[in-house]
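The values are calculated or read from the model by the stated rules, or taken from the named source; none is laboratory data. Keep in mind the model is a prediction, meaning the values are calculated, not measured. Note: ideal-geometry Cβ built from the backbone for every residue, glycine included; neighbour counts use all protein chains shown.
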């Protein structure tokens, strides 16, 4: 492919979305959050320079953020150098009439172990702090604040809208 062809391919959804019928923002937010809460596993992509890692990981959703406990792993190579992440949540593909998935772009931060936010999340997950303190190495807590959520839900068509919708989030909402 030429550079122009790559650029045209990259613009495809921007151009298609510009002319599409949109779901009302409050309805879109409700549907997106309902889907996030109905699941608990995502693929978290981190990267820096020419290094990229995509990790399946359990998440929790509350306070407008994704929260993930992790023992460690190669995802921390990217997290150390680049807070920008993308995560994906999706259902098994069963045909165009049953599409359900989303990509979330946002900023990741490591929550200091045993800080107020760390302890609150452990309590939310019903994990005793004594259990976390007894671990041979610290359990890291990653918080991802979403900035953009791209949803691909077939049921948007039932609302007379395009099946792909984008939700842009302001920092003040998080």
Inset, instruction - Look through region 88-117, keep the residues that are within 22 Å of the chain's Cα centre (by Cα) and over 24 Å from residue 54 (Cα atoms), and return whichever of them is modelled with the highest pLDDT. - result: 117
Inset, instruction - Mind checking which strands (runs of 3 or more DSSP E) fall wholly inside region 1-107 and carry at least 2 residues that are free of Cβ contacts under 8 Å to residues at least 60 places away in the same chain and surrounded by 16 or more Cβ atoms within 10 Å (Cβ to Cβ)? - result: 41-48, 51-58, 84-90
Inset, instruction - Look through 73, 64 and report the one residue that is under 15 Å from the mean Cα position of the chain (by Cα) and at positive phi. - result: 64
Inset, instruction - Quick one: residue 171 ticks every box in (1) in contact with a strand residue (DSSP E or B) (Cβ under 9 Å, 6 or more places away or on another chain); (2) exposed (fewer than 13 other Cβ atoms within 10 Å of the Cβ); (3) modelled with pLDDT of 95 or more except a single one, so which number is it? - result: (3)
Legend entry - Some residue of region 129-138 being in a helix (DSSP H, G or I), surrounded by 12 or more Cβ atoms within 10 Å (Cβ to Cβ) and more than 14 Å from the chain's Cα centre (by Cα): yes
